[in-house]
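Reading through the C-alpha cells given below for one structure.
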Amino acid sequence: MATPHSPQISISEQEKAVLLKITRQTTADFREVCRGRLILEIGKGQPNAKIAQAFNCGVRKVRHWRNKWLKHQATLKQIEADPEKNKHLEKIIRGILSDDPRAGTPSTYSSEEYCQILAIALSPPEESGLPISHWSNRDLAEECKKRGLTAGISARQIGRF
C-alpha cells in the first residue's frame, strides 16, 4: 500500500528570507523559531513522517503547520506582489506562525466589578468601620459581599485579583 503524499508548499525567496530571519533571532519567541524551522523543512518537499522524526514531534503537528501555510499561501503571494503591502510580510508571517485564539469560558467578574473591588482594597479599612489596619483577603471578600458588589466572591479569588 502506497503512502499518501502530502501537498507541496512553495516558499518564495522573500518568505524564506523572513523565515530565516525569525529562526536566527535571539529575541524571537521560541515557538516562532521552531515553527519557522518546521516550515522551512516542509518547504524542502520532505514527507511529514520524515520531518516529524527529524524534529522529534508528531506527524499531526507537521501536517497542521503544512496545512496552515497552505491556507495562507494565496494571501502571501498577494502581499508579495504589492510593493506597498510587501513591507508587512514579516508581520503576516509571524501571525501565521502564532497560535490561533482558543475558546475559553467568559470572565466571571466584569472589569467594572474588578475595578470596584480594587477601589475597596485601596481604601483604608477604617473608612468601612472595621477595626483593622490592613485588608485581609477574607475581610475584603466580606466587605464586597456587604456592599453588594459580588454575590459569592471568595477570599481566594480576591487574593488572585
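The values are calculated or read from the model by the stated rules, or taken from the named source; none is laboratory data. Worth saying up front: this structure is predicted, and the values here are computed from it rather than measured. Backbone-built Cβ (ideal geometry, glycine too); neighbour counts: all protein chains shown. All accessible areas refer to the heavy atoms of the entire protein, side chains included, with ligands and DNA or RNA removed. Shrake-Rupley method; radii C 1.70, N 1.55, O 1.52, S 1.80 Å.
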Accessible carbon and sulfur surface of segment 23-78 relative to its total accessible area, %, 1.4 Å: 48 percent
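Taking the square root of 5 times each eigenvalue of the Cα gyration tensor, what semi-axes in Å does the equivalent ellipsoid of segment 43-161 have, largest first?
That gives 53, 20, 12 Å for the three semi-axes.
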Links that overshoot a 20 Å alpha carbon limit, given the list K44/K91; K50/K71; K21/K87; K16/K71; K16/K87: K44/K91; K50/K71
Among S98, L70, A121, which residue has its Cα furthest toward the positive end of the charge dipole of segment 14-161, with +1 on Lys/Arg Cβ and -1 on Asp/Glu Cβ? L70
Where only protein heavy atoms count, and the probe is 1.4 Å, what is the accessible area per residue for the chain in Å²? 68 Å²
Segment 140-161 to segment 1-64: how many Å between their Cα centroids? 49 Å
Please give the solvent-accessible surface of R37 in Å², to the nearest 10, using a probe radius of 1.4 Å with every protein chain present. 120 Å²
Applied in sequence order to segment 38-52, the curve 6.51 cos²θ - 1.76 cosθ + 1.60 (Karplus, θ = phi - 60°) yields integer Hz couplings, x standing for Gly and Pro, of 4, 4, 4, 5, 4, x, 7, x, 6, x, 4, 4, 5, 5, 4
Ranking T150, T105 from most to least accessible area with a 1.4 Å probe gives T105, T150
